[in-house]
Structure formats: structure tokens, C-alpha cells
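Below is one structure, written out as C-alpha cells; comments come after it.
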Amino acid sequence: MNCLDFQIVSKSRKLPAQALFKKWVDAVLQDESQDSEIVIRIVDEQEMIQFNEQYRDKKGSTNILSFPFDPPKGVDSDLLGDLLICAQVIEAESKQQNKQLEHHWAHMIVHGVLHLIGYNHIDALEAAEMELLEIKILRSIQIDNPYEEK
């Protein structure tokens, strides 16, 4: 069973229902045999800017940050990690990219959870593998390929 802990500190009024977040996380983790816990924190731009600068040394905001949890030796934990998501960036990107807002949220959650379970896009091969997996997972929940131009 996958457990989600929500921390919603954004002022956005366009957030998806929590049940949708669970659906999207479950779509990624459906083949995982163990229980998992993920913290999803939805923030506004100011907090995202602070985290992006502090943890990635990058100026400005971003759409999502993933913080995988690596428990110390001898500690048994179901926590996969934390996802920090900026509502305003997600909303702006969906408009700019001409995507349904809910679909863009789904894509970002799928992307972030894949990071929590070890996927990356540091080099071209990893990026291609991760994108194909994102497309497959999103298709399983009736969401179009987010990388196709509309």
C-alpha cells in the first residue's frame, strides 16, 4: 500500500484532488512489492526558489524537486522521500505548453516518483529511458505523451 502525506502550503485554488495524486503515484509503483510512503509538499514560488537555490545551486523557481530518502544502516523505513512541487510553475507551464493542467500535474508526479525510486536524466541514455517509462505510465492512466508537441 502506498501512503501519501500532503503538506499543502500553496495559495493556489487549482490543485488536483488528493485521490488523483494517489492514482498517479500508484501508477508508478504498481510493480513495487513493498509498502511505500511519500511526502508531497505543494508550495508557492518563494519557497521553491529557496529550495532550488539551497539544494541545487540554481537561481529561480522550478516545477518539482525530488528528495529521495536513504535510511541509515539498521533503520527500516517505507519512506521513499519527499516531492516539493510549485503550483504556480505547474500552472504556468501547462498554459505555455498547451497541456491540460491535470495532465501536467500527473506528469510531474510520475516524473518525481521515478526520481525517488532511482531514475535520473543526467545523460542522454538515462533521459531517454526515463521519458519512455513516463510515457508508458501516463498512457496506462489515459494521459497523452507529454513530450509530443500539440
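Scan segment 133-144 for residues that are of a type in the set (A, V, I, L, M) and either out of contact with any helix residue (DSSP H, G or I) (no Cβ under 9 Å at 6 or more places or on another chain) or outside any loop (DSSP other than H, G, I, E, B) (or both) and report the count.
4
Check segment 133-148 and report whether any residue there is farther than 21 Å from GLN30 by Cβ and among the aromatic types (Phe, Trp, Tyr). Break it down into steps so the answer makes sense when it comes.
Filtering segment 133-148 down to residues farther than 21 Å from GLN30 by Cβ leaves 147-148.
Right, trim to among the aromatic types (Phe, Trp, Tyr) and you get 147.
Looking for residues that are farther than 21 Å from GLN30 by Cβ and among the aromatic types (Phe, Trp, Tyr), one finds at least one in segment 133-148, hence yes.
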Taking segment 7-44 and keeping only residues that are crowded, with 16+ Cβ neighbours inside 10 Å, of a type in the set (S, T, N, Q) and assigned to a loop (DSSP other than H, G, I, E, B), one is left with SER10
Taking segment 63-93 and keeping residues of a type in the set (Gly, Ala, Ser), closer than 20 Å to LEU15 by Cβ and either touching a Gly at 6+ places or on another chain (Cβ under 7 Å) or surrounded by fewer than 20 Cβ atoms within 10 Å (Cβ to Cβ) (or both) leaves SER66, ALA92
Considering residues that are of a type in the set (S, T, N, Q) and in contact with a strand residue (DSSP E or B) (Cβ under 8 Å, 6 or more places away or on another chain), the number found within segment 38-76 is 5
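When segment 12-30 is examined, which residues are found to be among the basic types (Lys, Arg) and in contact (Cβ under 8 Å) with a residue 40 or more places away in the chain? Before you say what the answer is, go through the steps one by one.
Filtering segment 12-30 for residues among the basic types (Lys, Arg) gives 13-14, 22-23.
Within segment 12-30, LYS14, LYS23 qualify.
No lab work stands behind these numbers, since they all come straight from the coordinates. What you are looking at is a predicted structure, and each value in this text was computed from that prediction instead of being measured. Cβ: placed from backbone, ideal geometry, glycine included. Neighbour counts: every protein chain shown.
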